[in-house]
Amino acid sequence: QVQVVESGGGLVQPGGSLRLSCAASGSIFSVNAMGWYRQAPGKQRELVATITRSSMTSYEDSVKGRFTISRDNAKNTVYLQMNSLKPEDTAVYYCNAEVLGGWPIQSKTYWGQGTQVTVSS
């Protein structure tokens, strides 16, 4: 079994910062790509940022220059540093991880349960 758990959400004022964390645990051989997605009320889930195992990154246009994705391979953990937050960043943020693991060993994408980020004065 593999679990993916996010943490770090909360309420922040516009212009503020938050750091999200997401850890994969369980029967893991390796974690390949990891990513952050978000879903605002009434909208579809959208990709925010991704990072490969070798730390190549990509970002959705609206967060470039404000958000930074990083990872610690030893801890199977990915982070999302969010600066200069705007009200339109309000959403549930989800993490996913492409995991090689389980038994029999297979590559599968796992999702976390989500963490709420609210940007409001």
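Observations
- The stretch 75-115 - Debye-derived log10 I(q)/I(0), Cα point model, q = 0.21, 0.34 Å⁻¹: -0.80, -1.19
- Surface accessible to a 1.4 Å probe, per residue, for the residues of the stretch 31-121, Å²: 53
- The alpha carbon centroids of the stretch 58-115 and the stretch 18-33 are separated by 9 Å.
- For the stretch 2-66, convex hull of alpha carbons as volume per residue, Å³: 118
- Beta bridge orientation in the chain: antiparallel %, DSSP, nearest 5: 95
- Counting every pair of alpha carbons in the chain, the share spaced more than 23 Å apart comes to 27 percent.
The values are calculated or read from the model by the stated rules, or taken from the named source; none is laboratory data. Small disclaimer: the values here were computed from a predicted structure and weren't measured. Only protein heavy atoms, including side chains, enter the accessible area calculation; ligands, DNA and RNA are left aside. Shrake-Rupley method; radii C 1.70, N 1.55, O 1.52, S 1.80 Å.
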